[in-house]
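Below: one structure, written as structure tokens.
The values are calculated or read from the model by the stated rules, or taken from the named source; none is laboratory data. No experiment lies behind these values; they were computed from the predicted model shown. Every residue, glycine among them, receives a Cβ derived from its backbone with ideal geometry; neighbour counts consider all protein chains shown. Please note that ligands, DNA and RNA were not included when accessible areas were found on the heavy atoms of the full protein model with its side chains. Shrake-Rupley method; radii C 1.70, N 1.55, O 1.52, S 1.80 Å.
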Amino acid sequence: GISIAILGPTFPDLARNVNQNISSLSLIFVGRASGFVCGTMIGGALIDYMNHFLLLGVSMLATTVGFYFIPFCKKAVLLVVMMSVFGASVGVVDTGGNVLILALWGDKGAPHMQALHFSFALGAFLAPLLAKLAWGTTASTQNLTESDFDPLMLNRTSETTPDSLFAVPEDMNLLWAYVSIGTYALVVSVFLFGLFCKKRSRQKKSTASAQRVRRAKYHWALLCLLFIFFFFYVGAEITFGSYIFSFATTHVGMKETEAAGLNSVFWGAFSACRGLAIFFATFLKPGTMIVLSNVGSLASSLFLVLFDKSPLCLWIATAVYGASMATTFPSGISWIEQYTTLTGKSAAFFVVGASLGEMAFPAVIGIIERHYPGLPVVLYVCFASAIFTGVLFPVMYKLATLPLRHQSKERKSED
């Protein structure tokens with residue numbers, strides 16, 4: 001979570017560090033996302049043949065190296081390449097973490113899956129606080145424009161180190177923010193290597209037990225539908241979190257401080273509900289939690305569309321929407337594991353779908369908003385996504401349970 005979210009608040013500082021303005025360095029997000037997709041596929045292929053703890057430990061070590069080197073990059077191309085490698089290591093961790101939970105607990109691991117994804121939300125929530133408060137980086141992502149980068153200052157910096165690829169950054173707060181997070185990742189990698197050395201036999205038992213579990217008749221059809229489901233769900237989640245600040249300021253007329261608070265309400269409710277989901281998952285089935293999340297997302301996004309000019313409705317519906325979106329992804333993984341075995345490749349498949357939605361939705365909305373600036377495009381897209389996922393899940397449920405009713409009556413129905 002910290003690895004993904006730290007780029008946002010430190011992006012202006014990184015741009016200044018490589019003598020670029022914000023718009024010319026936007027390729028860094030594409031590089032990280034592309035690396036993340038590649039890392040997800042690599043992790044899905046390797047985790048079926050490597051010890052899970054070893055793979056995660058190596059990936060966290062690579063993440064540490066990325067954190068240490070990123071603030072020293074003085075060329076934009078080098079920074080984009082480093083961010084791509086960094087995204088690949090994070091992609092391996094994302095896929096490997098989900099598969100590890102399933103390997104250890106199988107279809108009984110719903111609370112553990114919720115805890116794993118709560119830790120992601122908590123890290124994403126704490127990253128801006130660490131970057132802006134703990135180390136006090138100088139730039140503001142909310143008010144910064146290209147004019148804030150003084151061309152004379154950039155020229156002076158480039159004259160002092162014209163050909164250097166790596167150098168100590170002038171902003172030491174940027175350095176300490178990345179080094180501190182990198183050190184934390186290093187400590188985590190040490191613990192993972194320790195688990196690899198200590199529990200190798202236990203991992204073999206878990207893998208052997210995981211290989212004995214079921215495979216649904218429509219295994220690949222379910223994975224393809226889950227791919228599409230996560231494509232729309234994650235796309236809507238990232239889009240709303242990315243655009244709600246600009247929507248509140250331009251469309252509703254909120255002050256920047258109020259819009260920033262609204263953004264914090266969304267991610268705060270998102271994180272809090274993921275934390276509560278750890279306890280809810282002990283007595284609620286994953287399918288039930290997905291249905292509740294879909295209903296909450298559909299109702300809140302509908303209110304946002306109907307009352308898009310009302311600040312009060314925006315505050316309340318944003319909190320409900322964030323809470324409703326929180327449990328869908330981990331519940332979806334736990335739900336599919338009840339009916340078919342998830343290997344590393346199959347887990348990587350729908351994680352790639354989520355990553356593609358994360359890349360595609362914001363880009364498409366940005367294009368549409370340039371042509372129709374007066375429309376609340378973000379709200380329309382989130383509402384349409386809520387309708388689509390709300391209709392798609394019953395189809396997936398019917399497809400997953402239909403063969404089971406003919407084969408065995410031991411499983412309790414979630415009807």
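Can you give the Rg to Rh ratio for region 218-323, taking only C-alpha atoms and Rh from Kirkwood?
Details: Rg = 15.5 Å, Rh = 15.0 Å.
Result for region 218-323 is an Rg/Rh of 1.03.
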How many nm is it between the label spots at residue 45 and residue 183, if each spot is 7 Å from the Cα in line with the beta carbon?
3.7 nm
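Less than 12 Å Cβ to Cβ from residue 37, Lys/Arg counted +1 and Asp/Glu -1: what total charge do the surrounding residues give? Don't skip to the end; give the middle numbers.
Numbers: positive: 32; negative: 94, 358.
Value of the local net charge: -1.
Test of understanding: what is the full-extension gain from residue 279 to residue 190, defined as 0.36 nm times their sequence separation minus their Cα-Cα distance? Before the final figure, lay out each step's value.
Values: separation 89, 0.36 × 89 = 32.04 nm, distance 2.93 nm.
Extra length available between residue 279 and residue 190 comes to 29.1 nm.
Which value, to two decimals, describes the C-alpha radius of gyration of region 53-123 once divided by 2.2 N^0.38 Å? Intermediate values should be presented prior to the final figure.
On the way: Rg = 14.8 Å, N = 71, 2.2 N^0.38 = 11.1 Å.
Normalised by 2.2 N^0.38 Å, the Cα Rg of region 53-123 equals 1.33.
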With a Förster distance of 25 angstrom and the Cβ-Cβ distance between residue 104 and residue 217, calculated FRET efficiency to the nearest 0.05 equals 0.40
Quick one: how many Å² of residue 219 are accessible to a 1.4 Å probe, rounded to 10?
10 Å²
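For region 263-415, what does the equivalent ellipsoid look like in terms of its semi-axes, each the square root of 5 times an eigenvalue of the Cα gyration tensor, given largest first in whole Å? Could the numbers behind the result be given before it?
On the way: eigenvalues 191, 67, 43 Å².
After diagonalising the Cα gyration tensor, the semi-axes are 31, 18, 15 Å.
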Between region 295-325 and region 332-359, how far is it from one alpha carbon centroid to the other, in angstrom?
28 Å
With DNA, RNA and ligands ignored, accessible area of residue 16 (1.4 Å probe; Å², nearest 10):
60 Å²
Just want to confirm a number: the relative contact order over region 238-387, from Cα pairs under 8 angstrom separated by 6+ residues, in percent.
34 percent
So, with +1 on the Cβ of K and R and -1 on the Cβ of D and E, and no other charges, what is the size of the charge dipole of region 224-358 about its Cα centre, to the nearest 20 debye?
180 debye
Before anything else, pin down the relative contact order of region 289-354: Cα pairs under 8 Å, at least 6 apart, normalised by residue count, whole percent.
37 percent
Among 334, 264, 240 - extreme Cα towards positive end, dipole of region 225-376, charges at beta-carbon:
334
When the convex hull of the Cα atoms of region 251-290 is projected onto a plane and the area is averaged over all directions, what value comes out in nm²?
3.7 nm²
Sort 252, 58 by heavy-atom solvent-accessible area, probe 1.4 angstrom, most to least.
58, 252
Rank these by accessible area, largest first, 1.4 Å probe: 13, 94.
94, 13
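What length, rounded to one decimal in nm, is gained on full extension from residue 176 through to residue 387, with 0.36 nm per residue of separation minus their alpha-carbon distance?
Numbers: separation 211, 0.36 × 211 = 75.96 nm, distance 4.42 nm.
Length gained, residue 176 through residue 387: 71.5 nm.
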Could you pull the accessible area for residue 315 with a 1.4 Å probe, rounded to 10 Å²?
90 Å²
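How would 398, 74, 309 rank on accessible area, largest to smallest, probe 1.4 Å?
309, 398, 74
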Find, among the chymotrypsin sites (Phe, Trp or Tyr not before Pro) in region 17-71, those assigned to loop by DSSP (not H, G, I, E, B) with at most 16 other beta-carbon atoms within 10 angstrom.
49
